[in-house]
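Some notes on the structure that comes next.
The values are calculated or read from the model by the stated rules, or taken from the named source; none is laboratory data. Worth saying up front: this structure is predicted, and the values here are computed from it rather than measured. Positions of Cβ are backbone-derived with ideal geometry, glycine not excepted, and every protein chain shown enters the neighbour counts.
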Amino acid sequence: MKFKNFFFRSVSITGVPIFGLLILIVALFQFVVPIFNATVGDYITNLVPVLLLTVGAAIVIIGGSIDLSIGTVCGLSAGITMWTLASGLPTALSILLGVATGTFFGLLNGFLITKFGINDFIATLATLNISGGLLIVLSQATELYGAESEFFTSLVYGSFFGIPTSFFIAGAIILLMQFLLLKTILGRRIFAMGNSGAAANVAGINVRNVKLATFVLSGTLAGCAGVLLASRLGGVQAFLGLGYEFTAIAGAVVGGVSLAGGRGSAAAALAGGLFIGTLAQGLQLIGVEPIFFGIVSGLALIIGVIFDQKIQDIGQLRSRFDSRVLAQPPRKEGDHG
Amino acid sequence: MSFPTALSTTRSAPIILDIRQISKSYQGVAALENASLQVRKGEIHAVLGGNGAGKSTLIGILSGVTQPDSGEFLLEGSALAPRNPRDAIKSGITTIYQELSLVPALTTLENIFLGRELIIERAGMKVLLDRKKMKNEVIELAQIFGISKDELDIPISEFGALKKKVIEIVKALTFDARILILDEPTSGLEEEERLHLFDHMRNLRSRGVGLIWVTHHLDELHGLADVATIFRDGRTLESLNLENSTVGEITNLMFGIQSNEAGLRTKNDRLQKDDKSNRPEVLSLHAVSRAGVLRDISFSLHAGEVIGISGLAGAGRTELARVIMGIDTRTSGQIFLKGKEVNFKSSAFAYKAGIAMLPEDRKQLGIISGLSVAENISISNLSSVSRFGFIISRKKERELATKYKEILSIRTPSVNQKINNLSGGSQQKAIVARCLNSKPSVLIIDEPTQGVDVAAKTEVHELIRDFTSKGGAAIVIASEIQELLELSHEILVLRNGSIVGRIENVQNSIEKSRVVEIKAEVLALSAGKRLKNEI
Amino acid sequence: MANQRFNISMKKFLSDPILGVIILLLLVGGVASFTVEVFFTLQNFTNFLSGSYFVMLLAMGMTVVLISGGIDLSIGAVMALCAGIVAKLALQGMSVPLVIVCALAVGAFVGCLNGLLVTVVGLPDFIATLAMSAFATGILFIWTKGTPIVGYMDETYKQIGGLAPIYREVTVPMVIAIVVAFALGAMLKKTKFGVHLFSVGSNRLATRQSGINVTNIRILAYVISGVCAALSGIIMAGRNTTVPPDLGGGYEVLAIAAALIGGASLMGGRGRILGAILGEVVLAMTINIINLLGVPSSYQKIFIGGILLLAVLVNQLVISSRTKILMRSTNKK
Amino acid sequence: MKSTIKTKTLVLAVIASLVTLTMTGSAANAIGTLKQDALTGTSATVDTAATDAAIRKLVNGRTIKLGFAPPILSEAYTIAQQGAWNQMKDYETRYGVKWVWTEEAPLNNAHSGVETTGFIQNYVAKKYDAVFVCSAAPAAVMQQLYKQGSAKGVEFYQFNSTEQLNQKSQATDATAGLSSVSNISYDNRWQSGALAAQYIAKELKGKGEIIMILGPAGSDWTKLREQGFRAVIKKFPGLKIVGAADGGYVRDKGLTAAADLLTKYPKINAIYGENEDMALGASAAIDAARLKHWDGKSGIITIGADGLVSGMDEIRKGNLTATVNVGYADMGRTMIRTMFAHKVLGMDVAKFIRVPTVIVDKSNVDIFQSQIKAELATKVKY
């Protein structure tokens, strides 16, 4: 009974069901395609930048907004890093500039949204175009490859105990974000704002600053992702990052981060991002023809989210306290007619 | 034990709604157990009970939002089981909900006819809305309630809170209902508007409509309601003939013997007031204005003092609070806090400086619904539960919340409970806890007891008095003049964003005659402009 | 009394969401007509408008969904899928009206699926329609095996695609866009369904309590956007003269942008058909001006981003000045 | 023993000459893919039966696993794939090779191409024998992947790529800095962009105004073709490029861009559409503007590049003046031949194999259209 309650309570935590599903499909793929485990290292290395974007997207979404610019900002950051490296700047400075590019766009987004009151969708769609356009201009003006820094390539290609360095870097960043969201004052304020911006505003939270902070965080994460992507690729071309924003947002949502705001975590987003990535990887290894890919992945996305929702619902119901105060009818947010 | 006699049989009107043994439970917890009551034709039937007593569940079942587990109800003799609100409305049961159920994007007219639009027939096709006919049908009633013809075409979002409520009532009155359920219809309404509404309720009664009236305001019952049914713990206790029962008896029934005195502790233990000049000034406003909303507001608030703000909704009461808090910016004027001029850019700074606010709309602006009780309490002063100034300690947070839970007797099994699962009164107390935890020197309270049952209301009043007795100062905004009289030392009356009257030394005027006098005075002051308009 | 009436109509005018986009249009158009001589010519306008009718249709459908409080990311893919159906069936010799009916039916069907996923299954609209987009694209890929469908074009499809006019400057897409605009505009303003649509988007709970079947309304909103996407696809099949499998990529974002510029809100309950049309005109005009000015294509994206920001900033400005004007008028009272 | 050596030598000699022929890229060879080429042995003079038997013995019924990673699913790559399949079928019947063929392509954003890196890693993990890659991913990362994959025994062949941009001189380094075994493509500058410009110059007799509809800014293909095109135009003082716009490689955007430019420059003589889809869009824009298509003397020349079935039809109808046929089917066949020569027969293959390209207009459209149609008609599938 105790175990049962523990079980239901844990599956009601955002991200846990999808994590379970992730383990399930990993096992399934391993069974169907025995070489699956041999490819895991490579595919996660490829996935790392997108995972960082997913976590960034999650932070903004938890705060009740959306950031469409992360994909191209990540691309631009990669471009800036590569450009500065190739033109001979010290590695550390280049990395810093790459990350700063992301932070800058985060700030820009935040200002447009909080100071000018521009709708977040449009504002970040605009900066999506602007950052993507800047990368095109940059890549037209100069060749974005040929960095000679060993330290830089070691960001991704180096390894500790056989595990790629980028895992540690991304792991540390994601862990930090998880900590920030769940354990710090800022994190709590982000959740409060996402749950109810108006109430948070009345309750003494500087909603503008907190919102700004979420965009700066997601921009900075996009910058970090860009640096890792540049290190991973060794070269950057004009359209890098375009379209990553949808993968990232989808990953976060699959992980249980609610687009309505106020629900989710970095770990949940990570689980969602890994789920989508693993699914694609596994399907490729099984040898699903690319023309069937859209249908299969669409179906999997739907099943994944339904599974996540249902399991969480069950978990929440079963682990509820038996109490009079709960006797009021639960208010249904979702619409079932 | 002698309870007042059950419903007398002198009223011989036929029963139109007969509720028989209805039960409903959620996840094994009973919300209603064998609830029964009968509503007669042309009867105002009050439904009373504390928060969580099962009234909302009954309304849900009658209006088709939820379905009962067992039991049935008959409308004019035939069994009814509405599967959705549409069914219920079609059968003649209409509900006005406590929360505004208007749609902001739609116009007044569209709102009134939402779901029952009149359609014009053109070329055999029934597609187009017949706005003209709809207007004609509603205009008479609308004008009675002060809604002009032009206002019928304006989106609801452009109106203030009061107008919205009136529109909602007009909407309900246009329904051809045999049973009309009014869930806290007077909440947020001004005194005068209440009387207006009561007239209409009487009017409806004389037309033979059965009214089910859910209310916390026991003082409104007498002279209006014919019968009252009391709910406690999901059961129907008693149907009282109101001619033979007193408020005291009803309260006893509602809360059991323990909370016998609840709801009646008013004037006796009011704070003793010293001479104002002996106390330090905490907050003062000098000619504060906000374009179009507030004009030249000046007053000063001293430690231990409560200033009440009266006025019609839309007169600038809430707006004043928001400007003081820095949620909205002021266009001119100065605000001094403890002698220093302040200019808060957001409420965060106000909290830091020592001003806390308990907002009006609890559901939208008060509670942060996804968070737990503990998280809701700590949110305005997170550093009080933090280590190193930025890491939140769950343990400290729990302890803090548990402390407040006990002090304020917040009814929740655990402080980790999501706040939306609590009753309205407990939610309100949790927000009080939040304010107190920010260690404010000034507390701004907007409609302290809206949607809160009588017992909780007294408790909230107690908390405010306790706060000021320890040297805090408070601004209380309330529609009920009675409430202001019970709490405040001075009352400011707002109209159109300006202070149009001050009633000082409320403290010393507790004689009943004086109370009535003040009420009349406040009413006249706040309504003055509107009366002129109508003439 | 007259003063009050004036105030009310003033209020109505000033709070109209399309005011901003009109000002923007005049602004951008004004600047362009001074800097590019050929800009302000009938030919140029018919030119760039003819390339925007299909996006207009998408934006109109999107507006309906946005008003209902949802979002439809599948419309680009659905447009492509329907274009594929037109091409494929036309190739098999099916008559034009029948082809069109089939495409519309598919659009409506996909829209209905979207609606069911969002309402009955209860998926987040973002995910449901994103998945549907993957589905639709996938079906088109399987169908075409990655190769464009060609060889279905004839004079009729040229006309449908707007490549050949039916009378002077009048083209079929123009007529379709106008008819749909009026139909949807009237639907929103003058019918029960229109009122309910705004109602659902603005306050879903209250709408349900009013006895309105919210689920049906929401599903129907997606069906309408599906049908709009199908119409757009029919035009696209004619205009593009081939149907490559990746035809629809990215048009949904354009449609959302157009709808938002035109005053719709992602929160639901707001939006205007005319706004969506003007929003798309702003976007199309931007590309047109870029091309006419000869802006190097590498700067195009930055330019588009800038215009988007300008669009919302102007809107913002209009809103704030409106508040000021309204305040002044109330203060005078 | 001796005989086998002899046979082997013979086989090698024959193949060597063949491959050389392929790589020199004579025009005859382009058409040769249609006919049975020298290896198939229908020639009156060369009997290849013995060679076939020897290769069959060498192959010994083995299975060769091939990966095919185009940047996107499109008609061009479908034709290339069909060409490859036809060649594979040929080898299968003659040498008894069994094939496994797996295609992986990103469904959208062809120009980002980072997805391809994942595909390649998967091919390596699955121990494929050879992988044909065309990707817009940065050259540096692809080379790195090829290097890692090669170490595990997987051979990489680039096709239709833009390696011209990144290749170094072969004067001192035979690999030219590339880790792919071979690069089977055409030179986008001189075999596509320049050809189009030469055709325009010839038709217009060195005098006239031109507008360009370019692919998306930032694309390597765009960059190279524009470079070649401009280089040739520069040589003709009478020719002037008056405007350019982004057509995003798709027909609809090509149409819009061309329509805009035609409004501003209604008197131009030629439109260079950097691929066929955009050129066809431009052609529609000419119709819409009620301007005249080129009839050999007057009107507007529209020229594209690709060599797709649809384009050929339009040339026949006169809507498209000409196109640069870059021989995708031939490219596909050459990919298989080169891989087979290197992987199975152990031959050295050229680092850069240029498939022949040709300007197709009304005068020669029959030849090249029937060629593509014949390739697509085989219905061979792997």
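Looking across the stretch C:226-267, just one residue is on the phi > 0 side of the Ramachandran plot and surrounded by 24 or more Cβ atoms within 10 Å (Cβ to Cβ), and that is C:Thr241. Of the set (1) crowded, with 24+ Cβ neighbours inside 10 Å; (2) farther than 13 Å from D:Val358 by Cα, all apply to D:Lys297 but (1).
Taking the stated definitions as given, is B:Leu422 buried (at least 22 other Cβ atoms within 10 Å of the Cβ) and more than 29 Å from B:Leu312 (Cβ to Cβ)? Against the criterion (buried (at least 22 other Cβ atoms within 10 Å of the Cβ) and more than 29 Å from B:Leu312 (Cβ to Cβ)), B:Leu422 qualifies. Could you list all residues from the stretch C:221-251 that are closer than 21 Å to D:Ala282 by Cα and among the hydrophobic types (A, V, I, L, M, F, W, C)? Passing the criteria: C:Ile234, C:Ile235, C:Met236, C:Ala237, C:Val243, C:Leu247.
So that you can scan it fast, the table gives a plain yes or no per residue for (1) among the polar types (S, T, N, Q); (2) under 27 Å from C:Ser225 (Cβ atoms):
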{"residue": "C:Leu26", "(1), (2)": "no, no"}
{"residue": "C:Val36", "(1), (2)": "no, no"}
{"residue": "C:Phe40", "(1), (2)": "no, no"}
{"residue": "C:Gln43", "(1), (2)": "yes, no"}
{"residue": "C:Gly51", "(1), (2)": "no, yes"}
{"residue": "C:Thr63", "(1), (2)": "yes, yes"}
{"residue": "C:Ser68", "(1), (2)": "yes, yes"}
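Results for (1) more than 22 Å from B:Ala478 (Cβ to Cβ); (2) assigned to a strand (DSSP E or B), shown as yes or no for each residue.
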position: B:Ser300; (1), (2): no, yes
position: B:Gly308; (1), (2): no, yes
position: B:Val323; (1), (2): no, no
position: B:Lys345; (1), (2): yes, no
position: B:Tyr351; (1), (2): yes, no
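Is it fair to say C:Gly194 is more than 30 Å from A:Ala126 (Cβ to Cβ), surrounded by 22 or more Cβ atoms within 10 Å (Cβ to Cβ) and not polar (S, T, N, Q)? In short, no.
Among all residues of the stretch C:161-173, there is at least one that is surrounded by fewer than 24 Cβ atoms within 10 Å (Cβ to Cβ), under 19 Å from the mean Cα position of the chain (by Cα) and away from chain A (no Cβ under 12 Å).
Of the candidates B:Ser423, B:Ser438, the single residue that is closer than 18 Å to B:Ser187 by Cα and either within 11 Å of another protein chain (Cβ to nearest Cβ) or of a type in the set (Asp, Glu) (or both) is B:Ser423.
Residues in the stretch A:264-287 that are part of a loop (DSSP other than H, G, I, E, B) and buried (at least 20 other Cβ atoms within 10 Å of the Cβ): 2 in all. When B:Ala225, B:Ala142, B:Ala177 are checked against the criterion of being touching a helix residue (DSSP H, G or I) at 6+ places or on another chain (Cβ under 6 Å), within 27 Å of B:Ser91 (Cα to Cα) and part of a loop (DSSP other than H, G, I, E, B), a single residue qualifies: B:Ala225.
Is it true that B:Gly92 is farther than 25 Å from B:Leu189 by Cβ, crowded, with 19+ Cβ neighbours inside 10 Å and either modelled with pLDDT under 85 or in contact with a Cys (Cβ under 7 Å, 6 or more places away or on another chain) (or both)? Considered against the rule, which asks whether it is farther than 25 Å from B:Leu189 by Cβ, crowded, with 19+ Cβ neighbours inside 10 Å and either modelled with pLDDT under 85 or in contact with a Cys (Cβ under 7 Å, 6 or more places away or on another chain) (or both), B:Gly92 comes out as yes. The criterion of being at pLDDT 90 or above and either in the same structural domain as D:Tyr157 (by TED's automatic domain parsing) or assigned to a helix (DSSP H, G or I) (or both) holds for D:Ala53. Residues in the stretch D:89-102: is at least one within 19 Å of the chain's Cα centre (by Cα), surrounded by 21 or more Cβ atoms within 10 Å (Cβ to Cβ) and either closer than 28 Å to D:Thr378 by Cα or in contact (Cβ under 8 Å) with a residue 24 or more places away in the chain (or both)? No, every residue in the stretch D:89-102 fails to be within 19 Å of the chain's Cα centre (by Cα), surrounded by 21 or more Cβ atoms within 10 Å (Cβ to Cβ) and either closer than 28 Å to D:Thr378 by Cα or in contact (Cβ under 8 Å) with a residue 24 or more places away in the chain (or both).
Applying the condition of being free of Cβ contacts under 8 Å to residues at least 24 places away in the same chain and assigned to a helix (DSSP H, G or I) to the stretch A:21-39 and asking which residue is farthest from the chain's Cα centre (by Cα) yields A:Phe31. Is it the case, given these coordinates, that C:Met132 is touching a Ser or Thr at 6+ places or on another chain (Cβ under 6 Å) and either more than 14 Å from chain A (Cβ to nearest Cβ) or touching a residue at least 40 places away in the same chain (Cβ under 8 Å) (or both)? Spelling it out, C:Met132 is indeed touching a Ser or Thr at 6+ places or on another chain (Cβ under 6 Å) and either more than 14 Å from chain A (Cβ to nearest Cβ) or touching a residue at least 40 places away in the same chain (Cβ under 8 Å) (or both). With respect to the conditions (1) more than 23 Å from the chain's Cα centre (by Cα); (2) assigned to a strand (DSSP E or B); (3) within 11 Å of chain C (Cβ to nearest Cβ), B:Thr94 lacks only one, and its number is (1). Taking the criterion of being out of contact with any strand residue (DSSP E or B) (no Cβ under 6 Å at 6 or more places or on another chain), more than 13 Å from chain A (Cβ to nearest Cβ) and of a type outside the set (Gly, Ala, Ser), the residues of the stretch C:274-308 that qualify are C:Leu274, C:Ile277, C:Leu278, C:Glu280, C:Val281, C:Met285, C:Asn288, C:Ile289, C:Leu292, C:Leu293. Within the stretch B:449-479, being touching a residue at least 40 places away in the same chain (Cβ under 8 Å), buried (at least 21 other Cβ atoms within 10 Å of the Cβ) and assigned to a loop (DSSP other than H, G, I, E, B) holds for B:Gln450, B:Gly451, B:Val452, B:Asp453, B:Gly472, B:Ala478, B:Ser479. Checking each residue in the stretch C:266-297 for being at pLDDT 85 or above and of a type in the set (S, T, N, Q) picks out C:Thr286, C:Asn288, C:Asn291. Of all the criteria given as (1) more than 14 Å from every other protein chain (Cβ to nearest Cβ); (2) over 28 Å from A:Gly282 (Cα atoms); (3) of a type in the set (A, V, I, L, M, F, W, C); (4) surrounded by 21 or more Cβ atoms within 10 Å (Cβ to Cβ), the one not satisfied by D:Phe159 is (2). Within the stretch B:325-353, residues that are on the phi > 0 side of the Ramachandran plot and crowded, with 19+ Cβ neighbours inside 10 Å sit with their Cβ atoms under 9 Å from residues that are of a type in the set (Lys, Arg) and modelled with pLDDT under 90, at 6+ positions apart or across chains, in these pairs: B:Gly326/B:Lys345. Please work out which residue is modelled with the highest pLDDT, limiting yourself to the stretch B:284-301 and to residues that are farther than 13 Å from B:Leu492 by Cβ and surrounded by 21 or more Cβ atoms within 10 Å (Cβ to Cβ). The residue in question is B:Arg290. Based on what the data block shows, is C:Arg208 among the charged types (D, E, K, R) and either under 21 Å from C:Tyr251 (Cβ atoms) or away from chain B (no Cβ under 14 Å) (or both)? When the stated conditions are applied, C:Arg208 does not pass them.
Is it the case that some residue within the stretch D:250-257 is at pLDDT 90 or above and within 15 Å of D:Ala197 (Cα to Cα)? Scanning the stretch D:250-257 turns up no residue that is at pLDDT 90 or above and within 15 Å of D:Ala197 (Cα to Cα). Counting only helices (runs of 4 or more DSSP H) wholly contained in the stretch C:25-128, the ones carrying 1 or more residues that are within 22 Å of C:Phe141 (Cα to Cα) occupy C:53-67, C:75-91, C:96-119. Residue pairs whose Cβ atoms lie under 7 Å apart, sitting 6 or more positions apart in sequence or on different chains, and linking a residue in the stretch D:366-379 that is under 10 Å from D:Asn86 (Cβ atoms) to a partner that is part of a helix (DSSP H, G or I) and among the polar types (S, T, N, Q), are D:Glu375/D:Gln82; D:Glu375/D:Asn86; D:Leu376/D:Gln82; D:Thr378/D:Asn86.
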